[in-house]
Each structure stands twice: as structure tokens, then as C-alpha cells.
1. Can you report the number of residues in region 159-196 which are within 16 Å of ligand 5 (Cβ to nearest atom) and not β-branched (Val, Ile, Thr)?
2. Given the residues SER91, SER100, which is the only one that is more than 27 Å from GLY170 (Cβ to Cβ) and within 10 Å of ligand 3 (Cβ to nearest atom)?
3. Quick one: in region 121-178, of everything that is in contact with a Cys (Cβ under 9 Å, 6 or more places away or on another chain) and modelled with pLDDT of 95 or more, which residue is surrounded by the fewest Cβ atoms within 10 Å (Cβ to Cβ)?
4. Could you list, in sequence order, the residues of region 23-74 that are modelled with pLDDT of 60 or more, assigned to a helix (DSSP H, G or I) and away from ligand 2 (no atom under 16 Å from the Cβ)?
5. Taking region 228-258 as the region of interest, how many residues are modelled with pLDDT of 85 or more, surrounded by 20 or more Cβ atoms within 10 Å (Cβ to Cβ) and within 15 Å of LEU197 (Cβ to Cβ)?
6. Would you pick out the residues in region 99-130 that are on the phi > 0 side of the Ramachandran plot and in contact (Cβ under 8 Å) with a residue 12 or more places away in the chain?
7. Quick one: which of HIS85, HIS114 is away from ligand 5 (no atom under 16 Å from the Cβ) and buried (at least 17 other Cβ atoms within 10 Å of the Cβ)?
Amino acid sequence: MKILSGSKQWITAVVLLMSTFLLCGISQALDRSELVSIIKTIPPNGPFWKYGTLEMRRRAKKAGMPAVVFAHWSHRARYTCRVCHEELGFSMRAGDTGISRSQYVAGKYCGACHDGVTAFTVQEGVVRHCDKCHMKDTKELQKQFEEFAGDLPFATFGNGIDWSEAIKNGSIRPQNALTSEKSIVQLPEKLKLPMKLGTAAPRSDVTFSHEEHFFELDCSACHPDIFNIKKKGTKAFTMENNIYGNYCGVCHMRVAFPMNDCKRCHSQMTGNSSPK
Ligand code: HEC
Ligand code: HEC
Ligand code: HEC
Ligand code: HEC
Ligand code: HEC
Ligand code: HEC
């Protein structure tokens, strides 16, 4: 929730805007200038490289080491979410995994890949790579981002990258499992059709596609912790709760394209949702 601190003002603005929607019906034309002024103030509008980039400092600081900087953008281009959040057991709540040096040196968490074969090693040795993770500053990482993002399809928010499109057009090919033994379950036939959401009254025009998410995520990423598995079973499924980082906002305020990008979920919304 740290990204949301000190942001009561825009929450109020968004809630006001939504009340307008409720009165007019969602598919009616938006007051464009009003919408643009509101979404410009929504917090995830930081520099593109910073979206989904986490600073891990609690333990490092105690040990007198610089904070560790973990960039989702570089890692998700190589691996799907399920590799880290299912197979390797990283939590989707910042700080929640509680990674210690003894764990990753033994090959858990970051150490599963940073072993000197797949990626630079976490081990002590003649060549030490400590400062590649325990960064004194992020200049190098920012430079790396510019090069990385250059050729990828553009989106207005988040990382400034349309990740779905990048996968579809083959510009990135994230690996789906670290170990080849891991079998990937099939998406049941009846979940292939996009489903209409609508727990909040009146209903919005949002549909949810299991198929679009299945490429990156297993069922357990969402059920039962984030969403009730019963259709329309999710309680208090409002935009406000989403913006506070619940439900869709668990991912769509932190790593996947943020809630600012109205049209990607509300496909029938009219008006220009992109501030130019
Ligand atoms: C290479 C590993 C890796 C991959 C791939 C990965 N993550 Fe993460 N993710 C992490 C780590 C590490 C954390 C921080 C965990 C901690 O602090 O305990 C994290 C944290 C998160 C958080 C919480 C962030 C916050 O600010 O609170 C979300 C949400 C998340 N990941 C979603 C995703 C999604 C969605 C994908 C796929 C698009 C993904 N992750 C891919 C390793 C990964
Ligand atoms: C699933 C495999 C995997 C996991 C897990 C993983 N990494 Fe990486 N990481 C890589 C690969 C591959 C590279 C790029 C190769 C290289 O630079 O040697 C990389 C590169 C990096 C870089 C260089 C800058 C960048 O972002 O490209 C940093 C910093 C980094 N990882 C930090 C971490 C931290 C911190 C963790 C644990 C919280 C972690 N990684 C977990 C595979 C992984
Ligand atoms: C692949 C990334 C990576 C590399 C390389 C790395 N570390 Fe870490 N280190 C981490 C992460 C992640 C944490 C946990 C950060 C936190 O939560 O504060 C950590 C924490 C630590 C801590 C505190 C851990 C504890 O258990 O209390 C020490 C000490 C440490 N690292 C030393 C080193 C040294 C020395 C090196 C080089 C030989 C090194 N690290 C290389 C990722 C890395
Ligand atoms: C990641 C997907 C996503 C994005 C992006 C998104 N919404 Fe929503 N929105 C939802 C969901 C889910 C609901 C609730 C669905 C339901 O129960 O009908 C919703 C509901 C709403 C409602 C109905 C009232 C309510 O609170 O339930 C309004 C109005 C609304 N959104 C406006 C917006 C605006 C304005 C933006 C851009 C700033 C936006 N949405 C971006 C997913 C999204
Ligand atoms: C990215 C999040 C996400 C993932 C991953 C996910 N689901 Fe869902 N699922 C949802 C949402 C959102 C709903 C609608 C909840 C509501 O309406 O309250 C839903 C609803 C369902 C329903 C009810 C559908 C109906 O028509 O009655 C079933 C069954 C279901 N999911 C099964 C699965 C299975 C099996 C998987 C893995 C193959 C899976 N889900 C993966 C988010 C997800
Ligand atoms: C567990 C994480 C997670 C949750 C929860 C989640 N999503 Fe997503 N979603 C993703 C990722 C990752 C992508 C790939 C695109 C990206 O990262 O920007 C994605 C893609 C999408 C896309 C495709 C966009 C496009 O242009 O192709 C839509 C639409 C979408 N999500 C809507 C929703 C809605 C609505 C909800 C809530 C009902 C939701 N998502 C919940 C992770 C999540």
C-alpha cells in the first residue's frame, strides 16, 4: 500500500467521478478533461523504469548493506509470473517472503537462478557480484531500462510497455517453468470464454478473461485468496477497492498495467483515457 500513501485527494476525485458514472451509466461519454485531470494524479504515474521495481531494505540495512533493487520488468521478460510466484514461492506482497542470505545462498528464492550459471552468482568468491543486487544507486539499471524498452510496444501507463502485445508479437518469450518436470495444467474448456463481471450494482462493462491471464498465472495466484471461485461471488467488488490495491488491483496497481488505463478493462468506455 505504500504507493498509495498521501493520496486521499485523488481517491476522492476518482470516487466523485465514479458517482457521476453511476448516475449517467458507464457507456456514456466521459467528460474528457475531467478524466484526464484525474488520472494524471493517480500515483503509478512515476518514471517507467520504476513501476514494479522494488527496494528490499529491511534485512540488508540491518547488516549494513545497500538496499537490494529488484526489477520486475527485466525478470518478467524472461520468466512468467508463475515461475517466481508459484514455483519459487515468492509472495505477491512486498516484504512478505522474508528472504535471508542463508536461504538464497542455499539456492532458494533469488539463489535458484543467481547461481553463476543462469545468472550472476550470490556466492562469495574471487569475483563478487554483491553490488549488482545491493545497489548504491540505480543509474546503471535506468540505462539498462532505456535500452530494454526501446523496441517494445508502447503503452501509456505503468512501464510504458504493452506487455500483452510484447508476448503476442514475440518480442519477449518468457519461460514458463524453471525445471522441465513442472507440468502445466490445462485451462478448462468452459473457462476459455471471457466472463462478464458484475458484483457491484449497477454493473460495469468489465469482462474478465481467464485465457488472457492463464499464460502468466496459475489458478492459485487468484483463487481463493483474491477472488471467490464462484461467479459473482466476490464481495464489495468496486473500483475504489481495486484502486486501493485489492482484487484486480493486487496486480494492476503494482506490476501489470495500472488502473489508470481505463479502456483496457472498460472496453466500451468512450472518450480518450490517455493524457497526452
Ligand atoms: C524473477 C522472479 C519474479 C517474476 C518473474 C515475477 N515476480 Fe512478482 N515479485 C517477485 C519478488 C522477489 C517480489 C517481492 C517479494 C517480497 O518482497 O517478499 C515480487 C512481488 C510482487 C508483487 C507485490 C509488489 C508490491 O509492490 O507490493 C506483485 C503484485 C507481483 N510480484 C506480481 C507479479 C506479476 C503479475 C508477475 C508476472 C507478470 C510477476 N510478479 C513476476 C519476483 C518475481
Ligand atoms: C527465475 C530466475 C531468477 C530469479 C528467481 C531471480 N533472478 Fe535476477 N536475473 C535473472 C537473470 C537470468 C538475469 C540476467 C542475467 C544476468 O545478468 O546474469 C537477472 C538479472 C538480475 C539483475 C541485474 C539487473 C536486471 O534487473 O536485469 C538484478 C539486480 C537481479 N537479477 C536481482 C535479483 C533479485 C534481488 C532476485 C531475488 C529477489 C532475483 N534477481 C531473482 C534471473 C532470476
Ligand atoms: C541476486 C541478488 C543478490 C546478490 C548477488 C547478493 N545479495 Fe545479499 N541479499 C539479497 C536479497 C534479496 C536480500 C534481502 C534484502 C532485504 O530484505 O533487506 C539480501 C540480504 C543480504 C544480507 C542481509 C541478510 C540477512 O539474512 O539478514 C546480507 C548480509 C547480504 N545480503 C550480503 C551479501 C553479500 C556479501 C553478497 C555478495 C557476496 C550478496 N549479498 C549478494 C540479494 C542479493
Ligand atoms: C484492471 C481493470 C480495470 C481498469 C484498468 C479500470 N477498471 Fe473500472 N472497474 C473494474 C472492475 C473489475 C469493476 C467492478 C466490476 C463489476 O463488479 O461490475 C470496475 C468498476 C468501475 C465502475 C463502476 C462503479 C464501481 O465502483 O464499481 C466505474 C465507474 C469504473 N470502474 C471506472 C473506471 C475508470 C474511470 C477507470 C480509469 C481511471 C477504470 N475504471 C479502470 C476494472 C477496471
Ligand atoms: C488473474 C486472476 C485469476 C486466475 C489466474 C484464475 N481466475 Fe478464476 N476467476 C477470476 C475472477 C476475477 C473470477 C470472477 C469472480 C467473481 O465473479 O466474483 C473467476 C471465476 C472463476 C470461476 C467461476 C466461473 C463461472 O462461470 O462460474 C471458476 C470455476 C474459476 N474462476 C476457475 C479457475 C481455474 C480452474 C483457474 C486456473 C486454470 C482460474 N480460475 C484462474 C480470476 C482468476
Ligand atoms: C495475479 C495478478 C493479476 C490479477 C489479480 C489480475 N490480472 Fe489482469 N493481467 C495480469 C497480467 C500480468 C497481465 C498481462 C499484461 C500486463 O502485465 O500489463 C494481465 C492482463 C490483463 C488484461 C489484458 C490487457 C490487454 O491489453 O491485452 C486485462 C483486460 C486484464 N488483465 C483485466 C483484469 C481484470 C478485470 C482483473 C480483475 C477481475 C484482473 N485483470 C486481475 C495480472 C493480473
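1. 18
2. Criteria check complete, one pass: SER100.
3. Across region 121-178, the extreme among qualifying residues is GLU124.
4. LYS62
5. 4
6. Answer for region 99-130, where residues must be on the phi > 0 side of the Ramachandran plot and in contact (Cβ under 8 Å) with a residue 12 or more places away in the chain: just TYR109.
7. Details: HIS85 fails: away from ligand 5 (no atom under 16 Å from the Cβ).
Only one candidate passes the filter, namely HIS114.
The values are calculated or read from the model by the stated rules, or taken from the named source; none is laboratory data. What you see is a predicted model; the values in this text were computed from it and never measured. Here Cβ is always computed from backbone atoms with ideal geometry, including for glycine, and neighbour counts include all displayed protein chains.
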